[in-house]
Amino acid sequence: MKVLFIGGTGIISSACVALGLEQGLEVSLLCRGMTDRPIPQGAELFRGSIRDPESVRRVLGDRCFDAVVDWVAFTPEHVERDIELFQGRVAQYVFISSASVYRTPPGRLPVSESAMTDNPVWAYSRQKIACEERLVQAYREAGFPVTIVRPSHTYDERTLPVHGGWTVIDRMRRGKPVVVHGDGSSLWVVTHHRDFAKGFVPLLGNAATVGETFHITSDELLTWNQIYTALGRAAGVEPKLVHVPSAMIAAVDSEWGDSLLGDKTHSMIFDNAKIRRFAPGYAATISFSRGAEELIRWHDADASRRTVDGVVDQANDRLVAAIDAAVAAVRSGS
C-alpha cells in the first residue's frame, strides 16, 4: 500500500510513519526536509512545499497513492489546494483535524464523533471546522474520498503537554510555583503519539473509512493537578501549584487563554468505541506517568533541549503575584 504523508516529521505524524513502515506500508513524505527529526529509514522523501502546488506537481509527477494524509492543513485554503492536487489520484485523503472542534463546553460526556462541532472562542478550532465542512462538501458533490481524524491532546518525548513546555519544569526545579488553570480538577486526556499511531495506521487504505470521522485518544482520565504533579515527580520534585481562573490567564496571555477557554478549561472525555470497530484491539497502553518519565529523560539528556520561555516565565510570576494579592486583600477585608 502506497501512502503519502504531507509533513510526517511532527509530534503525531512521526510515530505514524514509524509504525506504518514497521507494518510494511510504502511510506513517502512530502516536506521541505527542514526538521530536527530524522527521516526514518525506508521512507521515500519528496522535497517540496505543499504551500507551493507547482513544486508538488513537479516532485510527484503522475504518482497515485492509496492514501494521502495531510498533517499540516489548517485553513480552508489549504484543503482547497489539496482537493485540486489529489482529486482523481488518491483512493483516500485523510484530513487531520482536532478534537477541539467539538462543542465547548460539551453538552454530554463522553463525547462521540456524532457530537456537534462548535468552538466560538478558539480561532484554530474554527478553521479546522471550516476545513471539515469544505471536505464533506467535496465528498458529497464530487466524491472526494475524505476520512477525517481528530486527535486530541497528543504528546511525545520532546513535547510537554502544558503551556510553556520546559519552562514549567524549570520553575518546578527552582522551587517556583506554577500556574494551573481553574482549580485543577477538570478532567483531561493526554495521548502518547505511539498510542495514537496504533489507532491511526489501520485506517489507512481502508475503504470503509471513507466518509467517516474518527477521534483517537487514550482512555486514561487525569485532572490537571495530576498532570502537573506527574511531571513534577518525574522531574524529581513536588510541584507548588497555584490555581488561577482561566479568564485571568487570558488577560495576561491571550494565546494561553484562548487554548484554555476554547478547549482545556472544560472536562473532556472521549468515547473510543468507533475507532475500536475499525482498529480492533486498539488500546492506549502508555500511562502518562510513564510518558512523563520519558519526557524528562529526553530533555535531561541534552542541555540544549531545556529551553526556558521568558515570556511564559514572567506570565506565571504575574499571575501568581495577582492571586497572592487577591487572597491577601480578601483576608484583610479590604
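Some notes on this structure:
To keep it simple, each residue is scored yes or no on (1) outside the structural domain of Glu77 (by TED's automatic domain parsing); (2) within 28 Å of Pro202 (Cβ to Cβ); (3) hydroxyl-bearing (Ser, Thr, Tyr); (4) assigned to a helix (DSSP H, G or I).
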| residue | (1), (2), (3), (4) |
| --- | --- |
| Phe95 | no, yes, no, no |
| Thr104 | no, no, yes, no |
| Arg108 | no, yes, no, no |
| Glu113 | no, yes, no, no |
| Pro120 | no, no, no, no |
| Ser125 | no, yes, yes, yes |
| Ile129 | no, yes, no, yes |
| Arg134 | no, yes, no, yes |
| Tyr139 | no, yes, yes, yes |
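- Only residues that are of a type in the set (A, V, I, L, M), closer than 24 Å to Ile11 by Cβ and touching a Phe, Trp or Tyr at 6+ places or on another chain (Cβ under 6 Å) were counted across the range 99-158, and they come to 5.
- Residue within the range 67-89 that is closer than 24 Å to Gly199 by Cα and over 25 Å from the mean Cα position of the chain (by Cα) present: no
- Residue among Val68, Val79 that is under 30 Å from His266 (Cα atoms), in contact with a Lys or Arg (Cβ under 9 Å, 6 or more places away or on another chain) and either assigned to a strand (DSSP E or B) or not assigned by TED's automatic domain parsing to the domain that holds Arg305 (or both): Val79
- Helices (runs of 4 or more DSSP H) enclosed by the range 220-334 - at least 3 residues per element that are of a type in the set (D, E, K, R) and closer than 13 Å to Ile169 by Cα: 288-300
- Pick from the range 1-51, criterion assigned to a helix (DSSP H, G or I) and out of contact with any Lys or Arg (no Cβ under 9 Å at 6 or more places or on another chain), ranking: surrounded by the most Cβ atoms within 10 Å (Cβ to Cβ): Val17
- Tabulated pairs, the range 1-24, first closer than 19 Å to Val56 by Cα, second acidic (Asp, Glu) and in a helix (DSSP H, G or I), C-beta under 8 angstrom, 6+ apart or interchain: Ile6/Asp82
- Residues in the range 107-144 that are over 27 Å from Arg276 (Cα atoms), out of contact with any helix residue (DSSP H, G or I) (no Cβ under 6 Å at 6 or more places or on another chain), surrounded by 13 or more Cβ atoms within 10 Å (Cβ to Cβ) and in contact (Cβ under 8 Å) with a residue 24 or more places away in the chain: Tyr124, Gln127.
- If you check Asp170, Asp263, Asp253, Asp195 for being in the same structural domain as Ser125 (by TED's automatic domain parsing), buried (at least 17 other Cβ atoms within 10 Å of the Cβ), farther than 30 Å from Cys64 by Cβ and not hydrophobic (A, V, I, L, M, F, W, C), only one passes: Asp195.
- Just one residue in the set Thr104, Thr159, Thr209 is of a type in the set (S, T, N, Q) and buried (at least 22 other Cβ atoms within 10 Å of the Cβ); that residue is Thr209.
- Among the candidates Val327, Val308, Val320, the residue that is β-branched (Val, Ile, Thr) and in contact with an Asp or Glu (Cβ under 7 Å, 6 or more places away or on another chain) is uniquely Val308.
- Residue pairs whose Cβ atoms lie under 6 Å apart, separated by 6 or more positions or on different chains, with the first residue in the range 34-49 and assigned by TED's automatic domain parsing to the domain that holds Leu85 and the second of a type in the set (D, E, K, R), are Ser49/Arg32.
The values are calculated or read from the model by the stated rules, or taken from the named source; none is laboratory data. Since the model is a prediction, treat every value here as computed from it, not as a measurement. Every residue, glycine as well, gets a Cβ built from its backbone with ideal geometry; the counts of neighbours run over all protein chains shown.
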